[in-house]
Structure formats: structure tokens, C-alpha cells
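Asks: Take a look at the following structure, please.
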2 protein chains.
Amino acid sequence: MATLDALLSDARAAHRSLARLTGPERTAALESVARSLAAHRDRILAANADDLRLAPDSLGDAMRDRLALTPARLDGVIAAVREVAAMPDPLDEERDLGTRPNGLRVARRRIPLGVVAVIYEARPNVTAESAALTLRSGNAVVLRGGSEALRSNLALAAAVREGLSAAGVDPNAVSFIDDPDRARVTELLQATGRVDLAIPRGGHALMAFVDAHARVPVIRHGAGVCHVYVDRAADLAMAEAITVNAKAQRPGVCNAAETLLVHRDVAAALLPPLGRRLRALGVELRADEASRSILEGAGVPAAAAAPADWDTEFMGLILAVRLVDDLDGALAHIAAHGTEHSAAIVTADGAAGERFLREVTASCVLLNASTRFNDGGELGLGAEIGISTSRMHAFGPMSARELTAEKFVVRGAGQVRGAA
Amino acid sequence: MATLDALLSDARAAHRSLARLTGPERTAALESVARSLAAHRDRILAANADDLRLAPDSLGDAMRDRLALTPARLDGVIAAVREVAAMPDPLDEERDLGTRPNGLRVARRRIPLGVVAVIYEARPNVTAESAALTLRSGNAVVLRGGSEALRSNLALAAAVREGLSAAGVDPNAVSFIDDPDRARVTELLQATGRVDLAIPRGGHALMAFVDAHARVPVIRHGAGVCHVYVDRAADLAMAEAITVNAKAQRPGVCNAAETLLVHRDVAAALLPPLGRRLRALGVELRADEASRSILEGAGVPAAAAAPADWDTEFMGLILAVRLVDDLDGALAHIAAHGTEHSAAIVTADGAAGERFLREVTASCVLLNASTRFNDGGELGLGAEIGISTSRMHAFGPMSARELTAEKFVVRGAGQVRGAA
């Protein structure tokens, strides 16, 4: 690898040339990247098999699931790149704001952010999808993935760069830092004026590191301590289906639920059948005293929740369970323990539902739907670079458009400003 | 003053209660603030007279102009607060994104950012206008103004808080830090999780301080090294009027021009009459060799520009002048020396104009209009908290809407997500 300094200079130059291309030229480059990924399919899958084989046993099932690039998932990655190629180019967009009384015509035009650094952990699909979205939006990207996925990421990045070269585009628009030394992450986070945005994707440890070191603008894609609240007025069959889906459909991802909050009045009816279904799926329950006594009383094993459980992103088949007295109790718990990621209420009471949607601060709040829908594709944005838990700039799933800024464009006929 | 810690806790609580008010209630609070400012008019003007009297001679005319709160300017401040009261409430806004194939209804809803810290220098009008815009958007604001304006700011903040109390709103939604110790600024910039956004408004020294210390999200309102480029195809009378306006109409503000770039082919025709007009207005010219020889040859005194002049926000009646070979030369100069604030081209050549508008990265790019129009009011946004030179979140003038985030709101009927 070149030094980080050289790599950032090369990325800046590549960003400039990429931003100067037309939308159709960026589309052609993305199609070339998709073809190159397909051409290098076997090499990428073999590299991922190596990563999985060499992964320590301590990695855990959920992390192993995140790391695994099955043929179907690689097809999904290639399809995502094609989907990004088919997206409207965000940089062609000029939004008219009308004509001022003095005749000035005011508009806003989308421009790239510049050089974007993405710092992430296991999932290798992030490598190709981040590259595609930054290319679509005229940015250069510097990728720093987790060491467990190093071989997969290098194979993916090489294929992406080869696709760019084949399309006549500077391959330095996508670079991958293969030096495992964490000092490189610190340097990225402190490269003021050279890195325009850092996107860290990960858990508490990465976010604490970013808090301590970042000098460049940051949009965090932080841990999802996501909540499902089952209200007194819930349809209990719906509540059961949503909870099971939110927890168990893919437990290793950030929009999976970690905590179930249950209105005291429906706990006795909801928890025994729901608990049995979750246990049958292998979910460990960590319950407060009141919910535990209901579960155990119905023969459903449940551990006593420790205080830390309310603040933990389990990334696996564990669910914390707590009874609350009412909607206020649920709102207070979520405000204290949520990470502003995703929160769902299950209720047939329209007023309670709307109050929850209004008062919970999270990137996505849901009524009668699973937290798993907090996802760029599911919400209609297309592919995503991740889910922002920063309120600033973009909150929730970020696609190509969220990787741009808007400048004001003013067209006049000689106007000057009068006395202030 | 309470300790900063207590002040931030009080601000958080006030933000929560403010966000829970209805739009009309926030409007009523703003109208009460405007009435209170009008009622305390004499006290505020007297405090400002004290600040001006006690200001050191070293302050300079431009800074003195920024500090001065004339009766007309105070009327302007009160009118701005009333204008903010009349704005549509950004928090009532829910933007429909349509219904997904699975029936989920997706929308985005605006929410406040939380506690906003504004760190600024001389202009006391910032105190009341920042307070009004943060109130409109449901945020609490913590203000840290310059020491020269301390008495003015305290009088303004006291009037704002009294207006809030009179409307039954927690006055801690607006607080002013009167401790001159710079350690308070560092504490504000490092209050992760307690300050949701810091807005520093000022020059290079403040920005360097922010770069070195900030841990919270920052939107910079940095120096404006703004450019006017007079193209070969310019209408020279228009170029003269725009340059004079951009430089001299109000030289102490950030959207005033600092550098005039002139296409070599029109320099001999443009510079002598323009130079004479600028000199008559008291503008000192600092010119590169080629433009200086034209100016001096026509009897217009001009100093030799030093390298630092191309990167200086003069905040006064000084203009740097440089000849360029062509549009490319102008674009290269602006890319190297501009601060991404404002840049104008004067030309009758549509292709050259559009290329300038497309290729210059600045919060506002203008064709045939003065840089002085980069202003919230002039661009139709209404009152502004300042002009962001950060590309992230908001680029250019920021009004109430730019002080909000958008969360995703999803309404379903029991939807769960299928296998990934």
C-alpha cells in the first residue's frame, strides 16, 4: 500500500476527475464495476472462504454470519451495484427555488462531498456497496474494513478498481487500506481538509474511539439498541409476529431488536406464547422481575436481566424483556436506553401510535411494523451505505443522495445589493 | 452564571419542553420575545453604547461597525424576530415518501437537533436572531458571544429570556455564557452528548481553535474569502457595479469580496475606471504585477499584493486584484484560495457562466450578481443563523429548517420482513 498521505492525495485527484464526468459516464463506470465483480466471482468467494476458515472461534455465530459471503449474497452485492448504476444521478439535480423580487433566480445544485472514509467491521458486502454509492455521487472513497474480512475485502476492492480502469475511470476513486495498524484509523479521522467525511460503522468501542480522535466531520453509523413496545391496545398475534421478526429474522444486524417492552396489562396474555416461540428459535430471554415471573410461571425459561442488558446490542439471539406501566414508561425507557436507531410500537390505538411516532427520537420510528424495515432498500431509497445514527446531515439509511451537499446557484442580470 | 454543566442540563430540559409545544405556541413565544426586545429598547441601546465606548481603539472601523447596534439595526433585529415568528413551523412538517409494495407508508418528519451552541464574535444582532431561529425549530441555544459585545449581548439575552417567561416558556431555552474564560468554549466543544451541534462563526483563529478542540458535531460559519471574476465577455459597466457593491457596500461582513480576478483581455478597459471609483470610496488596492502596472499607468495608486493577501479576509476596505489568462486561471485561483463561501462571475458568455456555476465549490456561486446576495433573507430563506461553509448538513445560509433533522416514520399493519 502507498502511504496514507499519498493515498489521500490520489483519492482527491480521483474525486475531482470523477465529479467532472457526466451522469451517464458514472453509470457506465458502475456497470463496468458490476461486470468486474461478476468476472471475479470465484476469486472473491475463495477469499471469503479463507477469511471464514482463518477466523478465530471466538468470533461467534452472529459475527460469522456477518462475515460470510455466500454465492447468493455475492449475487446480492452485484445486483446492488447494478441497482446503483440504474439510480438517477444525484449530481444532475438542480432544484429551482424561484425568482426573487429583484429578478435573481435562485436554485440549489447537488455536489459531491469529496473524499469519504468508511471505517467498518465484518461485513464484506459493505466494501462493494460503499464503493458503488460513493461513485454514483461523485465522491472518492477510502475503505478501512475489519481484519477478519481482509482477504474478502481485498478481492472485492481489486475487482472494483479493475472495473473502474476498464471504464477509463481513475481507480483511485476507490482505495482500501490494508494496513491493520489502528494508527491508520486515527490518521484518517484527523486528516482535516483531506477527508471530508468519515463514516464509522460499528459498535460502542469504535464509536468511543471516534469520539476520542475524530477531527474531521463524522456521521456515525452506531449500534442499534432497538426497541419493540407492545401497547395495551396491541393485536397480540401481530405483536408476536413483529417481535419474532425483529429479533430472530437476522439477529446479527443493527436493526434487529434488543429489547421488548410490554404494557403490564397484556403481559400475561402475550409473554407465554411469544416466549415459547422465541425459545424454540433459540432466543435467550433476559427479563426483569415482573416479566420473568410470568414467563417462568408459564414454564418458559428466562434469565434475570442485568442492568447492562438494557444498553447492549446483543448481535445475536438474546432478547431483553421488561414490563412498563404505560406508554410513558415505554417512552422513558427508550429515551434512556435507545441509541436513536429504530423503535417500533404495536398498537391499535391511533393516538398512542402517533404519540410514539412523534416523541421517540430515532432514525426510524415504526407503527405496527418490524424494526427490520429500517433499511435503505426497504424504505425505498435503494442501496445504502449504512444507517446514520447522527441527526446531522442524514438520519437513518443513507444512499447516494445523502452523500452530496447542496450549493446555492444564483443567476442575475447585474443585480447589486442596496443599503442594509 | 450557573456552572456550564448546570446550564447544559437546564438547556436540555428546556429543549424537551419546547419541542413538545405546538407550532402556534412557539409562534406566541417568539412574538412575546419581540415585544420584550421592543420594551427593553433603551436599555439595549445604552448597553451597546457602553460596549462601543469601552471598545479598544485597536478594534478597527469594520469591527466597530459590526459591533454597533444603531436604533435602525435594533429595529431590524426586532423585525427579524417577528419574521421568524411568522415563518411556517418546520416541526409540523411531515414529508410523504409514498407507500411501499408491501403496504408500508413511509414519511419523514422534522425534529429539532437538540441543544445548539453558537460561538460568535462581535455582532450583537446574532444573539437575538440565533435565539429566534433555534426557538422556531424547537432547539435550545447556548450563546457565547465576543467580549467586546458583552453588555449588548447580556441586555439582549435578558430581554429574550423575559419574553419567554412572559409566554410561559422555560427561559433556559436561551442561555448566554458571560464567563469570558476561553475554557468555557473548550468545554462546550467537548460536551459530547450534551451539545448536539456547535456553530462557530468567525475567522481563521476561531476555526483553528475549533479544529483543535471540537468533539461535538460542528457546522462552521467560517471566513469568506470571496471572489469576483470578470470574464472576457463581461459587460464592463456591470462588472464595475458588481465589484464596487461586493467590496464596498458593507466591507465588514463575510459575503463582501476580497479578491477581484480579471481576464487579461479586458483589464486595460476595466481597471482604470473601476480603480478610480474604488479609490474614491476609500478602497486600498493590492494588485499583482500585471494589474498594478495597468492601474498605476492610469494614475490609480495600488500596492503590490503579498502572497498572504490572496488568503486574507480583510474585513475592511482592501481589495486584492489579479489578472488571469482565462476562465481556467480564475477557477484554479478560487480553488486554491477561496474558503468555499461565495464566488461570482460577470460574463455575457452563457457557457462560461454555467461552467463557473458548476465547477466552483462554494456555498453560493453567482452569475452576474454581487457576492453580497449570499444571505438568508436575500435568497428567500428568511432570517439566518449564519452562513455555513461546511458542506455537511447545510451549505450556505441556515434558517430554522436547517436547524432540524428528519427521522423516518413508518406506518404499517403488521408487516414483517422476509428472508434477506
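Where a number appears in this text, it was derived from the coordinates with a stated rule and is not lab data. Because the structure is a prediction, the values reported are computed rather than measured. Cβ: placed from backbone, ideal geometry, glycine included. Neighbour counts: every protein chain shown.
Asks: On the Cα set of segment B:72-146, report Rg and Dmax in Å, please.
Replies: 17.1, 58
Asks: 7 Å along Cα→Cβ for the label point: how many nanometres lie between B:Gly98 and each equivalent label in the other copies, listed shortest first?
Replies: For B:Gly98, the other copies' label points sit at 2.6 nm, shortest first.
Asks: Could you work out the mean count of beta carbons from other protein chains within 10 Å of each residue's beta carbon in A:401-409?
Replies: Mean partner-chain Cβ count within 10 Å for A:401-409: 6.
Asks: Taking K and R as +1 and D and E as -1, what net charge do the other residues with C-beta under 11 Å from the C-beta of A:Pro71 add up to?
Replies: Working: positive: A:Arg41, A:Arg73; negative: A:Asp42, A:Asp75.
Local charge sum for A:Pro71: 0.
Asks: Are there any trypsin sites (Lys or Arg not before Pro) in segment B:166-250 that are in a DSSP loop and have at most 12 other Cβ atoms within 10 Å? List them by number.
Replies: Sites meeting the loop and neighbour criteria: B:Arg182.
Asks: For the protein assembly as shown, what does the alpha-carbon gyration tensor say about shape, rounded, prolate or oblate, given a ≥ b ≥ c as the root eigenvalues, a/c under 1.5 as rounded, and a/b over b/c as prolate?
Replies: oblate
Asks: Based on the alpha-carbon gyration tensor of segment B:139-203 and its eigenvalue square roots a ≥ b ≥ c, which shape applies: rounded if a/c is under 1.5, prolate if not and a/b is larger than b/c, or oblate? The partial results should precede the final answer.
Replies: Working: a/c = 2.36, a/b = 1.30, b/c = 1.81.
Taking the square roots of the gyration eigenvalues as a ≥ b ≥ c, segment B:139-203 is oblate.
Asks: Taking the label point as lying 7 angstrom from Cα along the Cα-to-Cβ axis, what are the distances from A:Ala303 to the corresponding position in the remaining copies, in ascending order and in nanometres?
Replies: Result for A:Ala303, in nm, nearest copy first: 7.3.
Asks: Right, next: Could you let me know the centre-to-centre spacing of segment A:130-199 and segment B:374-420, using Cα atoms, in angstrom?
Replies: 28 Å
Asks: As an exercise, take the mean of 1/r over every pair of distinct alpha carbons in chain B, invert it, and state the Kirkwood radius in angstroms. The partial results should precede the final answer.
Replies: Values: mean 1/r = 0.0435 Å⁻¹.
For chain B, the Kirkwood estimate is 23.0 Å.
Asks: How much net charge surrounds A:Thr339 when only the other residues with a Cβ under 11 Å from the Cβ of A:Thr339 are counted, with Lys and Arg +1 and Asp and Glu -1?
Replies: Value of the local net charge: -3.
Asks: Follow-up. State whether segment B:226-373 is rounded, prolate or oblate according to the following rule on the C-alpha gyration tensor (a ≥ b ≥ c being the square roots of its eigenvalues): a/c under 1.5 gives rounded; otherwise a/b larger than b/c gives prolate, and the remaining case gives oblate.
Replies: rounded
Asks: So what's the net charge close to B:Asp325: Lys and Arg +1, Asp and Glu -1, counting the other residues with Cβ under 15 Å from its Cβ?
Replies: Net local charge, B:Asp325 excluded: -3.
Asks: Moving on. Percent antiparallel among DSSP beta bridges with both residues in segment B:115-258, to the nearest 5?
Replies: 0 percent
Asks: For B:273-285, what's the mean count of beta carbons from other chains sitting within 10 Å of each residue's beta carbon?
Replies: 0
Asks: Moving to a separate point now. Once you have all Cα-Cα distances for segment B:375-420, histogram them in 5 Å bins from zero and send the whole-percent values.
Replies: Whole-percent P(r) values from 0 Å outward: 5, 17, 20, 14, 8, 6, 8, 8, 10, 4, 0.
Asks: May I pose another question? For peptide A:386-398, how many partner chain Cβ atoms fall within 10 Å of a residue's Cβ, on average? Show your work: numbers first, answer last.
Replies: Working: counts 0, 1, 1, 0, 5, 12, 12, 8, 4, 8, 5, 1, 0.
Other-chain Cβ atoms within 10 Å of each residue's Cβ, averaged: 4.
Asks: Also, quick follow-up: Mind checking which chain B residue has its Cβ closest to the axis relating B to A, and how many whole Å off it is?
Replies: Result for the axis mapping B onto A: B:His393, 2.
Asks: Between B:Gln190 and A:Ala348, with labels modelled 7 Å along Cα→Cβ, what's the label distance in nm to one decimal, could you check?
Replies: 5.5 nm
Asks: If the only charges are +1 at each Lys and Arg Cβ and -1 at each Asp and Glu Cβ, what is the size of the charge dipole of the protein assembly as shown around the Cα centre, to the nearest 20 debye?
Replies: 740 debye
Asks: Which distances, in nm and shortest first, link the A:Asp61 label point to the same label point in every other copy, taking 7 Å along Cα→Cβ?
Replies: The projected label point of A:Asp61 is separated from its counterparts by 7.8 nm.
Asks: If you average the C-alpha positions of segment A:236-292 and of segment B:292-349 separately, how far apart do those two centres end up, in angstrom?
Replies: First find each Cα centre; the distance between them is then 67 Å.
Asks: Excluding residues fewer than 8 places away in the same chain, name every one of the lysines whose C-alpha is closer than 28 Å to that of A:Lys247.
Replies: A:Lys247 reaches B:Lys407.
Asks: Ignoring everything except DSSP H segments at least 4 long, calculate the 222 nm mean residue ellipticity for chain A; use -39,500 (n - 2.57) per segment, divide by total residues, nearest 500.
Replies: Here the helix-only value at 222 nm equals -13500 deg cm²/dmol.
Asks: Pull up the DSSP beta bridges for chain A and report the antiparallel fraction as a percent, rounded to 5.
Replies: Among the beta bridges of chain A, antiparallel pairing accounts for roughly 30 percent.
Asks: While we're here: Based on DSSP, what percent of beta bridges with both residues in the protein assembly as shown are antiparallel, to the nearest 5?
Replies: 25 percent
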